[in-house]
Amino acid sequence: MTWVGEAGYWLVEDPDLSRSILTDNRFSSKTLGPSFDRFVSARVKKECSFLLDILGRWFVDQDPPDHTVERRLCQSHFSRALLDRLAPDIRNIVTEVLDGLPSNPDAITDIAQPISARVIALALGLNNVDSVTLHRWSEDIARFVGAVYRPDYAVAAQRSVTEMAGFVANQISPRGGNRARGVYRGDDENQSIAAHTMMLFGGLETSARLLTQLVWAATVGHHKSSTDLDGLIDSVLRRFPPIKFVTRISMCDVELCGNIVRKGELVLVSLASSADGSSPALAFGIGRHFCLGMTLTMLEARIFLEEFLARYPGATLDSEGIVLSDNALYSGFDRLPLQL
């Protein structure tokens, strides 16, 4: 546990302490407002007000009872019964993408992004999906959040959230019908847009980064040719969770490990876990903020590994072309070229 004085937050990297904080009601998930107040200029707040409004409504940034209400409204998109019905369609998506690969694909743009875009769209009932556009939106948002709300990234993220909101609004309906069933609460359309953009962003960003890490793990080191697919997925999630950190804010003075976390101070909590498997992985969080889409992501990962390893057991990486992601909050690569 370290105080990062220049940035003004606590950094927690111990898995047991992370687990404790994430289940402690003295730490709130409502961190975006204080973060925006601290790091976002008045000009950006004015010019990018729609972006900040939508992100601030994401229920990952809420506490009960608001978090409970919003989460319950979205649960139907990720129910076990629905995912069981969608599993054959998810496998069809994976096989179509893998069957169409060039001999030297990039694991990100040719594999992870098309699969993740089509799978989350399937779960949310969205049509006319263009994976390149969806991931451009997702990357713009992730870059803004991961770079402490830089003004230039805010402009791109505002544009992408606006486009994403328009895409979602054109397809959802409060009653279903010929369009996807929407998550509406009264007449507050921005609340519905926020719920859908959050689910869409989460399904794109988390699963694409996990699939890319799985390609890396399955083609190098002691994981190569592994038949324990569940063990492989668990190992990757422990060492390289798609989201490295989540943020909490102290609601009162709290003593942790001999340190006093003052009321209102931000705490950056690592989601990396012990490699020995002595405790459950933290990649999908814990407690009331346990990732709503975990079951979908794990199903997608398992199907992907089954199909990828069956087709390309001898796949290798072009190590000279690998480019690591420079996003501080997300694990992964910007380029991961393969030789099939």
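Here are a few things to note about the model shown:
- Count of the range 124-157 residues which are of a type in the set (A, V, I, L, M) and open to solvent by 10 Å² or more (accessible area, probe 1.4 Å): 8
- Of the candidates S331, S278, S273, the single residue that is out of contact with any strand residue (DSSP E or B) (no Cβ under 9 Å at 6 or more places or on another chain) and more than 14 Å from L22 (Cα to Cα) is S278.
- Flag not set for R302, criterion: touching a residue at least 60 places away in the same chain (Cβ under 8 Å), closer than 28 Å to G8 by Cα and among the basic types (K, R).
- Residue within the range 172-192 that is modelled with pLDDT under 95, buried (at least 21 other Cβ atoms within 10 Å of the Cβ) and of a type in the set (A, V, I, L, M) present: yes
- Residues being closer than 15 Å to A283 by Cα and either assigned to a strand (DSSP E or B) or touching a helix residue (DSSP H, G or I) at 6+ places or on another chain (Cβ under 7 Å) (or both) - total across the range 14-32: 2
- The one condition in (1) touching a Lys or Arg at 6+ places or on another chain (Cβ under 9 Å); (2) at pLDDT 90 or above that R288 fails to fulfil: (2)
- Here the condition is being part of a strand (DSSP E or B), closer than 26 Å to L324 by Cα and not charged (D, E, K, R); of V236, V269, it holds for V269 alone.
- Residue within the range 292-308 that is open to solvent by 20 Å² or more (accessible area, probe 1.4 Å) and part of a loop (DSSP other than H, G, I, E, B) present: yes
- Considering residues of the range 110-132 that are at pLDDT 95 or above and not hydrophobic (A, V, I, L, M, F, W, C) only, the residue nearest to G202 (Cα to Cα): S116
- Pairs with Cβ under 8 Å, 6+ apart, first in the range 144-155 and within 14 Å of G56 (Cβ to Cβ), second among the acidic types (D, E): A154/E47
- Within the range 71-102, tally of residues that are of a type in the set (D, E, K, R) and surrounded by 14 or more Cβ atoms within 10 Å (Cβ to Cβ): 2
- Residues satisfying the stated conditions in the range 48-70, i.e. open to solvent by 40 Å² or more (accessible area, probe 1.4 Å), part of a helix (DSSP H, G or I) and not polar (S, T, N, Q): F50, D53, R57, V60, D66, V69
- Flag if L11 is buried (at least 18 other Cβ atoms within 10 Å of the Cβ) and either within 21 Å of the chain's Cα centre (by Cα) or not in a helix (DSSP H, G or I) (or both): no
- When D276 is tested against (1) at pLDDT 90 or above; (2) over 27 Å from L204 (Cα atoms), only condition (1) is not met.
The values are calculated or read from the model by the stated rules, or taken from the named source; none is laboratory data. What you see is a predicted model, and the numbers here were worked out from it, not measured in a lab. Because the Cβ atoms are built from the backbone with ideal geometry, glycine has one as well, and the counts that use them run over all protein chains shown. We work out accessible area using only protein heavy atoms, side chains counted, and drop any ligands, DNA or RNA first. Shrake-Rupley method; radii C 1.70, N 1.55, O 1.52, S 1.80 Å.
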